[in-house]
1. Quick one: in the range 14-61, which of the residues that are hydroxyl-bearing (Ser, Thr, Tyr) and in a strand (DSSP E or B) is surrounded by the most Cβ atoms within 10 Å (Cβ to Cβ)?
2. In the range 159-186, which residue that is part of a strand (DSSP E or B), open to solvent by 60 Å² or more (accessible area, probe 1.4 Å) and not charged (D, E, K, R) is farthest from residue 109 (Cα to Cα)?
3. May I ask you to list the residues in the range 138-158 that are open to solvent by 60 Å² or more (accessible area, probe 1.4 Å) and either of a type in the set (Gly, Ala, Ser) or closer than 17 Å to residue 214 by Cα (or both)?
4. Which condition from (1) at pLDDT 95 or above; (2) surrounded by fewer than 16 Cβ atoms within 10 Å (Cβ to Cβ) is the one that residue 118 breaks?
5. What is the residue count in the range 125-156 for residues that are among the hydrophobic types (A, V, I, L, M, F, W, C) and over 15 Å from residue 184 (Cα atoms)?
6. Within the range 142-158, how many residues turn out to be closer than 30 Å to residue 108 by Cβ and either free of Cβ contacts under 8 Å to residues at least 60 places away in the same chain or part of a helix (DSSP H, G or I) (or both)?
7. Give the number of residues within the range 192-210 that are within 18 Å of residue 182 (Cα to Cα) and either assigned to a strand (DSSP E or B) or among the small types (Gly, Ala, Ser) (or both).
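The values are calculated or read from the model by the stated rules, or taken from the named source; none is laboratory data. Please read these numbers as outputs of a predicted model, since none were measured by experiment. Note that we place each Cβ from the backbone using ideal geometry, even for glycine, and neighbour counts take in every protein chain shown. All accessible areas refer to the heavy atoms of the entire protein, side chains included, with ligands and DNA or RNA removed. Shrake-Rupley method; radii C 1.70, N 1.55, O 1.52, S 1.80 Å.
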Amino acid sequence: RMAALWHADESLLELGCGTGEDARHLALRGLRVTATDASPAMLDYARRKNSDVPAERLTFAPLDVMHLPPDAYTDTPFDGVLANFGALNVLDNWQPLAAWLAARVRRGGSAAFALMSPACVWEWLWFGAHGDWRTARRRWSGKADFRGVSIAYPLPRRIARDFAPHFRVKWMMPVGLYLPPSEAYAAFEARPRLWSLLATLERTATPALLARFADHYWIEFERR
């Protein structure tokens, strides 16, 4: 999906870049990536990990999506914005972020996010089978605490509504509907045939309606 959205020499802003794995992949494909994170330690790690990537292709900078700076990145609009694997689940209101990004992404540009869904079936099955009902139910209320940070699990329609004034939804898909969450990986990787079947199912076209039941969902927007 990233390859379909963004192409060489386009500029991209990444929110919550972590160790910079996605930023590296995109920069090596010829994009100009500004990768941001709220954690100074994570940014230091990402810089060391990606020291071999040309600076004109990949830069790292501090940015906290919970405290967006009003004057940052206002000079030249980006062609797109990326936030992968739950970076935006630390918010419980996405309207301020949508307005902030609207001033920094060009019209027709793409925004793509992978968010943790509100009802991961795999968690129900795996943790329930192991008697860990607290973890199995952690998303049911729509919120949970993780190491002192409040995590929200929004429905896709909530994200679409909050972004609607500035962005329109153009694609959505479940991520981790058939493949298990990381806690269960080892048990399934030890069974190659089963793993191969689940991986094949994961790559098939799956209705967007099932996105809320996956571990994450991937949602793409176009700047109006």
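1. 36
2. Just the residues of the range 159-186 that are part of a strand (DSSP E or B), to begin with: 167-175.
From the residues that got through so far, the ones that are open to solvent by 60 Å² or more (accessible area, probe 1.4 Å) too are 168-171.
Within this subset, residues satisfying the condition of being not charged (D, E, K, R) are 169, 171.
Working: 169: 12, 171: 14 Å.
Among those that are part of a strand (DSSP E or B), open to solvent by 60 Å² or more (accessible area, probe 1.4 Å) and not charged (D, E, K, R), it is 171.
3. Across the range 138-158, the qualifying residues are 138, 140, 141, 143, 148, 157, 158.
4. Among (1) at pLDDT 95 or above; (2) surrounded by fewer than 16 Cβ atoms within 10 Å (Cβ to Cβ), residue 118 violates only (2).
5. Final tally of qualifying residues: 8.
6. Looking only at that region, the number is 4.
7. Total satisfying the criteria: 2.
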